[in-house]
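The values are calculated or read from the model by the stated rules, or taken from the named source; none is laboratory data. These numbers come from a predicted model, not from an experiment. Cβ coordinates were reconstructed from backbone atoms using ideal geometry, including for glycine residues, and neighbour counts include every protein chain displayed.
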Amino acid sequence: MEQLAVIGNPIEHSKSPEIHHTFAAQTGLDVNYTKILGDLDNFEQQVHDFFAEGGLGLNVTVPFKQRAFDMCDKLSKRAENAGAVNTLMLGKNGELYGDNTDGAGMVRDIVKVLEQPIAGKRILVIGAGGAVRGVLGPLMGQKPEIVTIANRTLAKAEELAVLFNCDYATFDDLKGPFDMIINGSSASLSGELPPLKDELISKNTWVYDMVYSAEPTAFMQWAFARGAEGADGLGMLVGQAAESFFMWLHQRPDQAPVIAKLRAEM
Ligand code: ATR
C-alpha cells in the first residue's frame with residue numbers, strides 16, 4: 001500500500017484524504033492518505049520522518065509551503081517559479097524533491113474541466129500574494145494575450161509582473177472589460193471585495209475565484225450581479241491534488257466526478 005499524506009496547521013478541515021482516496025478507487029490503486037498536524041517548531045523533522053518511514057508522497061499546505069521549498073534538495077521549474085512547494089517526494093538518490101501543482105491544477109480546471117480557453121485572452125489577475133505567484137507560470141504557459149496584475153499594494157504586483165513578464169496596474173488605472181478575471185486575493189476569505197470598477201466586467205467576462213465556499217464569495221456575487229459567469233476554486237483544489245497524484249503514481253484521475261461529490265457535501 002502506498003503511503004501518502006498532507007501536512008499543515010490547522011489540518012483537520014483538509015479534504016485531501018477524501019480526494020486522493022476517490023482517485024485511488026478510480027484508478028484501482030492501493031493508497032493510504034493521512035493527515036499530519038504540522039508542528040511549527042518541528043516541521044522539517046516531521047517531513048524527514050514521513051519519508052524515513054516509507055512514505056511515497058507528501059502534500060504541504062498552510063503555513064509550510066515556503067519552509068518545504070527551503071528544505072528541498074531539488075525543485076521543479078514550476079516550484080522554483082512559485083517560490084513554494086506543495087508536493088514532496090524522494091528522488092532516485094534519496095534527495096528531497098519539491099514540486100508545486102497549484103498553478104497546473106488551476107489551469108487544468110479552467111481549460112479542461114470548465115472548458116474555458118486561456119490562449120489569446122485578456123486576463124485580469126487580482127492579488128499578488130503567494131497564491132497568485134503560484135499560478136502565474138502555468139497561466140502564462142497557456143499564451144494569453146495579456147495578463148494584468150492588480151493589487152492593493154502595487155509594489156507586490158510590480159514584482160510579480162517583472163518576474164512573469166505580465167502587466168500591472170492599480171485598481172484605479174485598470175481599463176476593462178477583460179475576457180477573464182481571476183481573483184487570487186485572500187479578500188474572499190474575510191467576505192471582502194477588492195475595489196473593482198464596473199467597467200472591468202461585462203456579461204462576456206468569465207470569472208474564477210481561487211477561493212471556494214458553499215455560498216458564492218463576495219467576488220462571485222459581484223460578477224454574477226453584472227451578468228458574468230464563472231466558477232470558484234473547488235476545482236482547483238481537486239486539480240492540484242490530481243497533479244500531485246500523477247507525480248507520485250503516474251495515473252491521471254477523472255476530476256469532474258470528485259468536484260461534483262465535494263460540491264454535494266458542502
Ligand atoms: P495567499 O497565500 O492567500 O496569497 P498572501 O500571500 O497573504 O496570501 O496574499 C494575500 C493577497 O490578498 C495579497 O495580494 C493582498 O493584498 P496586499 O498585497 O495589498 O496585502 C490581498 N488582499 C487581502 N485582503 C484584501 C482586501 N480586503 N482587499 C484587497 N486585497 C486584499
Exercise for the section: Would you please list the contacts, defined by Cβ atoms under 7 Å and residues six or more apart or on different chains, that run from a residue in segment 182-195 that is on the phi < 0 side of the Ramachandran plot to a residue that is more than 8 Å from the ligand (Cβ to nearest atom) and among the small types (Gly, Ala, Ser)? Expected result: Ser188/Ala218; Glu192/Ala218; Leu193/Ala218
Exercise for the section: Name the single residue, out of those in segment 209-222 being under 18 Å from Val238 (Cα atoms) and within 15 Å of the ligand (Cβ to nearest atom), that is farthest from the chain's Cα centre (by Cα). Expected result: Ser213
Handout entry: Odd one out for Thr148 among (1) within 25 Å of Glu199 (Cα to Cα); (2) within 16 Å of the ligand (Cβ to nearest atom); (3) part of a helix (DSSP H, G or I)
Key = (3)
Fill in the blank from the handout: Selection from segment 114-134 of residues free of Cβ contacts under 8 Å to residues at least 40 places away in the same chain and in contact with a Pro (Cβ under 8 Å, 6 or more places away or on another chain) yields Ala119, Gly120
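Are there helices (runs of 4 or more DSSP H) fully within segment 50-121 with at least 3 residues that are on the phi < 0 side of the Ramachandran plot and over 14 Å from the mean Cα position of the chain (by Cα)? List them.
On the way: elements: 65-71, 77-82, 102-108.
Of the helices (runs of 4 or more DSSP H) lying wholly inside segment 50-121, those with at least 3 residues that are on the phi < 0 side of the Ramachandran plot and over 14 Å from the mean Cα position of the chain (by Cα) span 65-71.
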Completion exercise
In segment 180-218, anything part of a helix (DSSP H, G or I), more than 14 Å from Val132 (Cα to Cα) and aliphatic (A, V, I, L, M) is listed as Leu189, Leu200, Ala218
Exercise for the section: Would you point out the residue of segment 119-134, among those that are more than 16 Å from the ligand (Cβ to nearest atom) and out of contact with any strand residue (DSSP E or B) (no Cβ under 7 Å at 6 or more places or on another chain), that is farthest from Met210 (Cα to Cα)? Expected result: Gly120
Handout entry: Looking only at segment 223-237, and only at residues there that are under 17 Å from the mean Cα position of the chain (by Cα) and outside any helix (DSSP H, G or I), the one that is farthest from Leu196 (Cα to Cα)
Key = Gly233
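Conditions (1) within 21 Å of the chain's Cα centre (by Cα); (2) within 28 Å of Lys112 (Cα to Cα), marked per residue:
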position	(1), (2)
Gly141	yes, yes
Thr153	no, no
Phe178	no, yes
Trp206	yes, yes
Completion exercise
Of (1) more than 23 Å from Val238 (Cβ to Cβ); (2) within 16 Å of the ligand (Cβ to nearest atom); (3) crowded, with 21+ Cβ neighbours inside 10 Å, Thr205 satisfies every one except (2)
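When the residues of segment 212-248 are filtered to those that are aliphatic (A, V, I, L, M) and more than 16 Å from Asn86 (Cα to Cα), which remaining residue is surrounded by the fewest Cβ atoms within 10 Å (Cβ to Cβ)? Let's see the steps before the verdict.
Quick first cut of segment 212-248, residues aliphatic (A, V, I, L, M) only: 214, 218, 220, 223, 225, 228, 231, 234, 236-238, 241-242, 247.
Those still in the list that are more than 16 Å from Asn86 (Cα to Cα) too: 214, 218, 220, 223, 225, 228, 231, 234.
On the way: Ala214: 9, Ala218: 19, Met220: 23, Ala223: 25, Ala225: 11, Ala228: 19, Ala231: 19, Leu234: 21.
Across segment 212-248, the extreme among qualifying residues is Ala214.
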Handout entry: Neighbours by Cβ (under 6 Å, 6+ apart or cross-chain): first from segment 20-33, over 18 Å from Gly235 (Cα atoms); second basic (Lys, Arg) and surrounded by 15 or more Cβ atoms within 10 Å (Cβ to Cβ)
Key = none
Exercise for the section: Answer yes or no: is there a residue in segment 174-185 that is at pLDDT below 95, near the ligand (Cβ under 8 Å from one of its atoms) and surrounded by fewer than 20 Cβ atoms within 10 Å (Cβ to Cβ). Expected result: no
